[in-house]
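S.K.: Let me give you the structure first, and then I'll get to my questions.
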Amino acid sequence: MTDNVFRTEVRAFLAEALTPEIKRAGELMTSVFADFDATMDWHKTLYAKGWVAPDWPKEYGGTGWTLGQRYIFQEECKLANAPALFAMGLQMLGPMLIRYGTAEQKNYYLPRMLSGKDVWCQGYSEPGAGSDLASLMTAGVRDGDDYIINGSKIWTSYAQHSNKIFCLVRTSKEGKPQAGISFILVDMDAKGLSVEPIVGLDGTVEQCQVYFDDVRVPAANLVGAENQGWDVAKSLLEFERGGHNFTIDHKKQMAKIHRQASTQLSSDGGLWKDNPVFEAKLADVAVDALALEFTELRVKGAFEAGGNPGALSSLIKVMGTEIGQRFNELSVEMMAEHAFVKQLDALLPGFEGEPIGPSCGLTTMAEYINNRAATIYGGSAEIQRDIIAKRVLHL
């Protein structure tokens, strides 16, 4: 099948499968998450089609598509305003279990991940251990066939919706800090585990703090060897940072700016598409986005070949998030005060049923504000530059 034929097939499927409710959830996305219920409906639709985990090996439930076909599918989903699936399981933990998990762990967890029966969150950061993750203090003490976990994790995305969490816990205080960390899988309904939502300024909850008070977890839930979880965690982070399709997000942002430019705004605000200064700025960031696209494809090719892209994942994380922020700035500049007006419109009575037009600036300001955090979460830009300096420049 040629790429053009495949793209046509994907577009036909999306046109039929994306219900108005699911599509609206995608349109209203201003962060990495969409409405939970709509996203899970979309997950189940893709699972029924056999397309929920394109990046997984076919023997574990993947599609068997080529790298180019997977990229086309992700691109068409984004441009059609399909909501992004939750990445913690499918994009991050799943590949790690395929690489490091026991046969029993793969047989049990992977099918539940594919079907959506299990929703995973990530227990990495702590109140005193964020970018310096090796300083984490949540303890896992071996007690017979179990580990007893005490401590807390913070900024745990969508913990309130998850029934499973994968965690880094300290199982030894000997040697280097990284040497005493283990990677373990925990049920969210385990006795002694509690979740405290963190309410954002907009009144929504995306992050939580998770508390562990003598939580007993079977030792069979350990992934990899005890005290060797740092290697598992680093590999998982490379999937998180290198597996994200930043350039597909960029293409959607650029398309939005072009739609905004083609809509005549009031004479007292906004920019026109023939403004040469604005066009120059847009062209500049578009060139950087194109360069990043080829780098992303090289990293995906490395994953495809079973290799380790190493510091390239950090480079993609830095460039992808910073380019995204530049697009956000241009979108706000394009809309001028209209970006704020549209945001206020969302608070007015009767907004619930208002249709969203292709050039609507409703989400412009919210996207700009939300995306300021993109260079912090998932590994701050400063830490990623340190990794690049050490591994590439050997400084």
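S.K.: Tally the residues that are loosely packed, with under 15 Cβ neighbours inside 10 Å and in contact (Cβ under 8 Å) with a residue 24 or more places away in the chain, restricting the search to region 28-66.
M.R.: Taking region 28-66 and keeping what is loosely packed, with under 15 Cβ neighbours inside 10 Å, we get 37, 44, 48-50, 57-59, 64, 66.
Now narrow it down to the ones that are in contact (Cβ under 8 Å) with a residue 24 or more places away in the chain: 44, 49, 57.
Total meeting the criteria: 3.
S.K.: Considering only region 77-116, how many residues are more than 23 Å from GLU9 (Cβ to Cβ), charged (D, E, K, R) and in contact with a helix residue (DSSP H, G or I) (Cβ under 6 Å, 6 or more places away or on another chain)?
M.R.: The qualifying residues number 1.
S.K.: Is it the case, given these coordinates, that PRO111 is outside the structural domain of ASP37 (by the TED database), out of contact with any His (no Cβ under 6 Å at 6 or more places or on another chain), crowded, with 20+ Cβ neighbours inside 10 Å and in a helix (DSSP H, G or I)?
M.R.: On the way: outside the structural domain of ASP37 (by the TED database): yes; out of contact with any His (no Cβ under 6 Å at 6 or more places or on another chain): yes; crowded, with 20+ Cβ neighbours inside 10 Å: no; in a helix (DSSP H, G or I): yes.
Here the answer is no, as PRO111 does not meet what is asked.
S.K.: Considering only region 81-88, I want to know if a residue exists there that is part of a loop (DSSP other than H, G, I, E, B) and farther than 23 Å from ILE248 by Cβ.
M.R.: First, pick out the residues of region 81-88 that are part of a loop (DSSP other than H, G, I, E, B): 81-86.
Next, only the ones that are farther than 23 Å from ILE248 by Cβ stay: none.
Within region 81-88, not a single residue is part of a loop (DSSP other than H, G, I, E, B) and farther than 23 Å from ILE248 by Cβ.
S.K.: Moving to a separate point now. Of everything in region 117-130, what is in contact with a helix residue (DSSP H, G or I) (Cβ under 7 Å, 6 or more places away or on another chain) and without any contact (Cβ under 8 Å) to a residue 24 or more places away in the chain? Give them in sequence order.
M.R.: Listed by number, the residues that qualify are GLY128, ALA129.
S.K.: For THR156, indicate whether it is surrounded by 14 or more Cβ atoms within 10 Å (Cβ to Cβ), out of contact with any Leu (no Cβ under 7 Å at 6 or more places or on another chain) and under 22 Å from LEU110 (Cα atoms). Steps first, please.
M.R.: Details: surrounded by 14 or more Cβ atoms within 10 Å (Cβ to Cβ): yes; out of contact with any Leu (no Cβ under 7 Å at 6 or more places or on another chain): yes; under 22 Å from LEU110 (Cα atoms): yes.
Considered against the rule, which asks whether it is surrounded by 14 or more Cβ atoms within 10 Å (Cβ to Cβ), out of contact with any Leu (no Cβ under 7 Å at 6 or more places or on another chain) and under 22 Å from LEU110 (Cα atoms), THR156 comes out as yes.
S.K.: Conditions: (1) open to solvent by 40 Å² or more (accessible area, probe 1.4 Å); (2) part of a helix (DSSP H, G or I); (3) modelled with pLDDT under 85; (4) closer than 30 Å to MET137 by Cα. HIS258 meets all but one. Number of the miss?
M.R.: (4)
S.K.: Against the condition modelled with pLDDT under 75 and exposed (fewer than 14 other Cβ atoms within 10 Å of the Cβ), how does LEU395 come out, does it pass? Give the derivation first.
M.R.: Working: modelled with pLDDT under 75: no; exposed (fewer than 14 other Cβ atoms within 10 Å of the Cβ): yes.
Considered against the rule, which asks whether it is modelled with pLDDT under 75 and exposed (fewer than 14 other Cβ atoms within 10 Å of the Cβ), LEU395 comes out as no.
S.K.: What about LEU185, is it closer than 27 Å to VAL52 by Cα, in contact (Cβ under 8 Å) with a residue 24 or more places away in the chain and not in a strand (DSSP E or B)? Lay out the reasoning, then the answer.
M.R.: Details: closer than 27 Å to VAL52 by Cα: yes; in contact (Cβ under 8 Å) with a residue 24 or more places away in the chain: yes; not in a strand (DSSP E or B): no.
No; evaluated as a whole, the condition is false for this residue.
S.K.: Also, quick follow-up: Considering TRP272, TRP230, which residue is more than 30 Å from TYR108 (Cβ to Cβ) and either modelled with pLDDT of 85 or more or touching a helix residue (DSSP H, G or I) at 6+ places or on another chain (Cβ under 8 Å) (or both)? Show your work before the answer.
M.R.: Working: TRP230 fails: more than 30 Å from TYR108 (Cβ to Cβ).
It is TRP272.
S.K.: On to the next question. Does region 131-141 hold any residues that are surrounded by fewer than 20 Cβ atoms within 10 Å (Cβ to Cβ) and touching a residue at least 60 places away in the same chain (Cβ under 8 Å), and which are they?
M.R.: Filtering region 131-141 down to residues surrounded by fewer than 20 Cβ atoms within 10 Å (Cβ to Cβ) leaves 131-132, 134-135, 137, 139, 141.
Scanning region 131-141 gives SER131, ALA134.
S.K.: Counting just the residues of region 223-234 that are open to solvent by 10 Å² or more (accessible area, probe 1.4 Å) and within 13 Å of LEU93 (Cα to Cα), which one comes out nearest to the chain's Cα centre (by Cα)? Show your work before the answer.
M.R.: So the first thing to find is which residues in region 223-234 are open to solvent by 10 Å² or more (accessible area, probe 1.4 Å), and the list is 224-228, 230-231, 234.
This time we only want the ones that are within 13 Å of LEU93 (Cα to Cα), so: 224, 234.
On the way: GLY224: 24, LYS234: 16 Å.
The qualifying residue nearest to the chain's Cα centre (by Cα) is LYS234.
S.K.: Of a type outside the set (Asp, Glu) and on the phi > 0 side of the Ramachandran plot: does that describe ASN81?
M.R.: Numbers: of a type outside the set (Asp, Glu): yes; on the phi > 0 side of the Ramachandran plot: yes.
Yes, satisfied.
The values are calculated or read from the model by the stated rules, or taken from the named source; none is laboratory data. What you see is a predicted model; the values in this text were computed from it and never measured. In this analysis, Cβ positions are derived from the backbone assuming ideal geometry, glycine residues included, and neighbour counts consider all displayed protein chains. Just the protein is used for accessible areas: all its heavy atoms, side chains included, with ligands, DNA and RNA removed. Shrake-Rupley method; radii C 1.70, N 1.55, O 1.52, S 1.80 Å.
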